[in-house]
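Taking it in order: structure first as C-alpha cells, then the write-up.
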Amino acid sequence: MELHLIKLSKYADKEFMKYRIHKISAILVLTIALPIFFSNAQKGNSVEEETVRNESVQVEDLPQIKSEYEGTLLASETGLYRVKDGILWPLWTEGSVSRIVKGKSWFFLTSNGILKSDDLVEFTNISEGLPILTIKRYENGVKYFEKQTAALKDLKMHPQNPDVLVTMTRDEVFITRDGGKKWWSLGFCAKTNGAKSIAVATMQDTDGAQRLTVFISHPLYGLAYIQPDRKNAKWTDINTGYDKLPTMSDPDEVADIITVCNKDDAGNVTTDVYFSQSYLPCLYKLDWAGKKAIKLGQDKTNQLDTFDSLFVEKNKLYFVCRNGFNSFDLATNTFCGEPEEAQLWETLSRLSGRRALCLYIPENVTSFSKPVVLNEMWLFDMANPQTKYADVAMDKKGLYIPAGQNNPGAQLQGFIDIAKENKLNTVVVDMKDDYGLLRYKTDNAEIKKKATISSYAIDIEKFVKQCKENNIYLVARIVVFKDRNLWRYGDNKYAVVDYKTGEPWRGIRGYDVEKDENGEEISRTTNYYDEYWVDPYSEEVWEYNIEIAKDLVSKGFDEIQFDYIRFPTDGLNLSNVKYRWRDEGMDKESALISFLSYARENLDAPIGIDIYGQNGWYRSGTRTGQDVELLSPYVDVICPMFYPSHFEQYFLAQSPAVERPYRIYYYGCYRNTVIARNQVIVRPWVQAFYLAVSYDKTYYGTDYIKREIFGVRDSVNRGYMYWNNSGKYDYISPDPEDTKYPW
C-alpha cells in the first residue's frame, strides 16, 4: 500500500477535531496529524533501512523543525515523534503516549501498556504481569473481545537505580526490579480506588537503615507508602499537613510526586520528596521523619489551579499549571512565575501542530543541566475542551422538560418561552424514561420488537419542528440500565438476577413487620426500591439503546444524553446481584467503557452522560462504575449532579453559609474538568428544586439558584442545565452573562 504524506500545517488541527483516537483503540487513522509510513521501525528496521525503503518520500512534506531542537521527543494521542535532522519523524504510532522515562533505556507509558526501547528504533512491550482490561466489541450481532493492558496512571523510575520502576492502575501498584522483565504487585493502600501519581526512592529511616520505598497519591487520604522489602510490608497513610477546602475532613488530592537525590561533599546521599495538589495551587515537601506534609507555598493569585509535572533544577521547583508554567524557589520559598524557558517549551509542545501530551527536551535544547520532561500538558489548553464535538455542544444552557409536559403546541411553547426569557438555548427531554417507556412513536422495526411506547408519546416531528423554529438545541435523555420495560422483556432475559434465588433481582428498601401481642412476627412485607435494573454487560441491551439514539438523531435531535449509565447501588440485598451477561475478565468499568465505545462507533452526534456529583468531585467510581477519568475519552459531555441538597449538609457550609451553592458549583466544575483531563465539556445539572433537608429549609429560593449559576460561570464556564422533576421553574433567573457577582 502506498501511503501519501500529509503536510502537517494544513491538516493537524482540522483533522484532530474531525477524528478522536480513543485510548483503547489500536486503529490507526492515516489522515491525522503525521504520516505513519515509519511504523516499520517497530519491526526492528534500522534508520538506514527505513530511509532506503522510503527514499521516494519527499522530505519537504514532513514538518520542518529548527535544527537546534534536535533530539526532542513529542508524545501525543497518535504516537511518539522525534526531531531528527530538522525533521519531525514518527517513531511509534500504535496508540497514545503519555509518559517518557529515560534511564539506561527509554520507557514509555502508552495506551497499549509500557514500552521499552534502547535505540528509539525497536520498541518492546514489557507489560507482561500487569492487569488486563477486557473490552467487548459488538458488530452486526457478533461479539468479540479485545484484551489490552489496563489503563496505567503513572510511570516513575528510581532516581539511583534505573532498573527499578513503578506504575499503577486505579487500584493496584506494581514494581519491577529488572527493567520491566517482570512486574510484582504491591497491592493498594486505601479503602477506595482512584490513585493519581506514584514515585519510588530509597529512604533513610529513623533507625538509620536505607529502605526501598514506594509512594502513591490518593483522592482522599493524601500520600501512602510501602516498604516492600520489610517483613509483612503494608501500606501506611501520610494524611496530615495538607491544605483542604473548609469543612472537608480528608486531604485533597495529590497530583504529582517526585523524588530528588542530593549528594553532600562526603558523598552521602539524601532523598527529598516533593509533591503538589490537583485542585489547590499548593506545593509540599515530605517530612519523612515526622511522616507529614510540609507546605512550601501556595499561589494565592488563583483559587482554581493545578500543579503537576514537577521537576527540580538548581534549587528551583518547576511545574506545569493551568494555561502555562510556573516555578518556585526552594531557598526562599517564593514563587518565581513563568520560567525564562517557558516560550521555548510552549513552542516545542506544538511542533506537531497541536499540543503534545508529553515532551522530552534534551540538554542540548534546554539550558538546564539535565533533560526536561513535561507531562499533563493538556493543562495548557483548559480554555478549549479536547472533544470531537466541542464546537457543537459548547455553551449550551437549558432546562429539563418532564415527560408528559412536552406536547407540541402551547404546552411546549410555555417551556420554550421560559428558556428564552432566561437566556437559555437548550431543552432536555425524556425519549426513553425512567421505566423504559418510549416517549415518542417510532417506525424502526428493531426498536419496536422490544419497546413499549407510552400512551403519552409525543408527535416527534412536530416537537422537533417547533423547537428548531425557536433555535432550541435538542438533547434526548435516554435512561439506559434502569428499565422496567426491558427488565420484563422475554421472561426477564436482560434483568440482573438474585444469585441466591435465581429470580430477577430488585433492591430491597426494608420490611414491614407485623407482630402479635407477644412480639412474635406474624407477617413480613418486603418493600422494594422502584428500580428495575437490566444487565450493563449485555450487548443486546446496548444495541437496543443505541438503536433508539440513532433513531432520535435521524429525527433531528442534536445530542444524546445517557442517564443511569451505572450499576445498581441501593438495596439491603445488593450483594446478591448476579450479572448473567458478564463475560470473563470484565468489570464494571470495562462494561461501561465497552458500551460507550459501541455508542461512539455508531452515533454521529455529541454524547453526554449523567453522573453522581461525588463522581465528578473525586477521582473514584467504586460502586457505580462511573470513573470519570476512564470514561471521558468516549464521550463529549459529562453532566454531574452537584445538587447541594445531595451533599452532606455541612459540606462547604462555612461562614457565610449562604454562599454554599456557589462554592459547590465553582469548585465542582473545575474538579470534574481536571479529572477528565479536559477531554469533555462539563455541563452540570443545576438544582432548581426544593428538598426538605436542613440547608434547603433555610436558604432555598431565587438567590440559591443564582449562586449556583454564578459558580458555574466563574469556574469552567461551558454551560449548565436546570433540573426540576415537576417542571416548575419559578425561581430561576436570566443567565448572568458578564454581570458582576452581586454578593
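A few notes on this one:
- Rolling a 1.4 Å probe across all protein chains gives I258 an accessible area of roughly 20 Å².
- Beta bridges assigned by DSSP with both partners in the stretch 477-573 are antiparallel in approximately 75 percent of cases.
- D395, D491, D305, ranked by accessible area, largest first (probe 1.4 Å): D491, D395, D305
- Entry for the stretch 468-536 at q = 0.22, 0.28 Å⁻¹: log10 I(q)/I(0) = -0.94, -1.20, Debye formula applied to identical alpha-carbon scatterers, no solvent contribution.
- Normalised contact order of the stretch 660-735, rounded percent, pairs of Cα under 8 Å and 6 or more residues apart: 44
- Debye, to nearest 20: dipole size of the stretch 489-544, +1 on Lys, Arg Cβ, -1 on Asp, Glu Cβ: 100
- Take 650-656, 163-169 and order them by the average number of nearby Cβ atoms within 10 Å per residue, most first; the result is 163-169, 650-656.
- Net charge contributed by nearby residues that have their C-beta within less than 11 Å of K314 (K/R +1, D/E -1): 0
- Modelled spin labels at K104 and D243, positioned 7 Å past Cα toward Cβ, are 4.2 nm from each other.
- Spin-label model distance (nm) - A209 vs K316, 7 Å beyond Cα toward Cβ: 4.1
- The stretch 159-220: proportion of alpha-carbon pairs further apart than 13 angstrom, %: 63
- Within-15-Å neighbourhood charge of Y665 [Cβ basis; K, R +1; D, E -1]: +4
- The stretch 493-549 versus the stretch 425-454: alpha-carbon centroid distance in Å: 24
- Partners of K388 within straight-line reach, counting aspartates and glutamates whose Cα lies under 18 Å from its Cα and excluding those fewer than 8 residues away in the same chain: D13, E15, E77, D558, E559, E601, D604, E629, D636.
- Where the Cα pairs of the stretch 322-422 fall when distances are cut into 5 Å bins, in %: 2, 9, 13, 14, 11, 8, 7, 6, 6, 7, 6, 5, 3, 2, 0
- For T149, distant residues with modelled amide H under 5 Å away: L133
- Average accessible surface area per residue within the chain, 1.4 Å rolling probe, Å²: 40
- The stretch 629-678: radius of gyration over Cα atoms, expressed as a fraction of 2.2 N^0.38 Å: 1.32
- Taking 27 Å as the limit for the C-alpha separation, the pairs K482/K706; K244/K285; K397/K462 exceed it in the case of K482/K706.
- Positive-pole candidate from Q413, V682, N425, dipole of the chain, charges at beta carbon: Q413
- Working note: Karplus 6.51/-1.76/1.60 with θ = phi - 60° gives the stretch 285-293 the couplings 10, 7, 8, 5, 5, x, 6, 8, 8 Hz, where Gly and Pro are set to x.
- Note on L572/K515: beta-carbon distance plugged into 1/(1 + (r/R0)^6) with R0 of 22 Å gives a FRET efficiency of 0.65.
- Efficiency of FRET from Cβ geometry, K300 and R230, R₀ 41 Å, rounded to 0.05: 0.50
- Residues whose amide H falls under 5 Å from that of I681, counting only those 5 or more places apart or on a different chain, are V637, I638, with hydrogens built in the peptide plane.
- DSSP beta bridge pairing in the chain, given as percent antiparallel to the nearest 5: 75
- Here K104 is the anchor, and the aspartates and glutamates within straight C-alpha reach of less than 18 Å, apart from those fewer than 8 places off in the same chain, are D118, D119, E122, D163, D178, E363.
- Sequence-separation-based contact order of the chain, relative, with Cα cut under 8 Å and 6+ spacing, percent: 9
- Counted charge near K136, where neighbours are those whose Cβ lies closer than 15 Å (Asp, Glu -1; Lys, Arg +1): -4
- Against the empirical 2.2 N^0.38 Å (N residues), the stretch 432-554 has a Cα radius of gyration ratio of 1.43.
- Area projected by the alpha carbon convex hull of the chain, averaged over all directions, nm²: 38.0
- If only the Cβ of Lys and Arg carry +1 and only the Cβ of Asp and Glu carry -1, the dipole of the chain around its Cα centre is close to 380 debye.
- Here K448 is the anchor, and the aspartates and glutamates within straight C-alpha reach of less than 16 Å, apart from those fewer than 8 places off in the same chain, are D433, D483, E540, E543, E547, D551.
- The value for the stretch 177-321 of Rg(Cα) / (2.2 N^0.38 Å) is 1.07.
- As computed over the stretch 520-641, the Cα convex hull volume per residue (Å³): 147
- Computed from backbone phi, the HN-Hα couplings of the stretch 602-610 come to 10, 10, 10, 6, x, 10, x, 9, 8 Hz, rounded to whole numbers (Karplus: 6.51 cos²θ - 1.76 cosθ + 1.60, θ = phi - 60°; Gly and Pro given as x).
- For the chain, the longest site-free run once GluC sites (Glu not before Pro) in DSSP loop states with at most 10 other Cβ atoms within 10 Å are removed: 56-339
- Kirkwood-based Rg to Rh ratio, the stretch 611-726, C-alpha trace: 0.96
- Solvent-accessible area, 1.4 Å probe, carbon plus sulfur percent, for the chain: 46
- Which of A692, S620, L652, positive extreme of dipole for the chain (C-beta unit charges): A692
- Long-range amide H partners of I458 with built H, under 5 Å: Y440, K441
- In order along the stretch 698-710, the phi-based Karplus estimate (6.51 cos²θ - 1.76 cosθ + 1.60, θ = phi - 60°) of 3J(HN,Hα) comes to 8, 10, 5, x, 4, 5, 4, 6, 4, 4, 4, 5, 4 Hz; Gly and Pro are listed as x.
The values are calculated or read from the model by the stated rules, or taken from the named source; none is laboratory data. All values derive from a computational prediction rather than experimental measurement. Please note: Cβ atoms are built from the backbone with ideal geometry, for glycine as well, and neighbour counts cover all protein chains shown. What goes into the accessible areas is simple: the full protein's heavy atoms, side chains included, and nothing from ligands, DNA or RNA. Shrake-Rupley method; radii C 1.70, N 1.55, O 1.52, S 1.80 Å.
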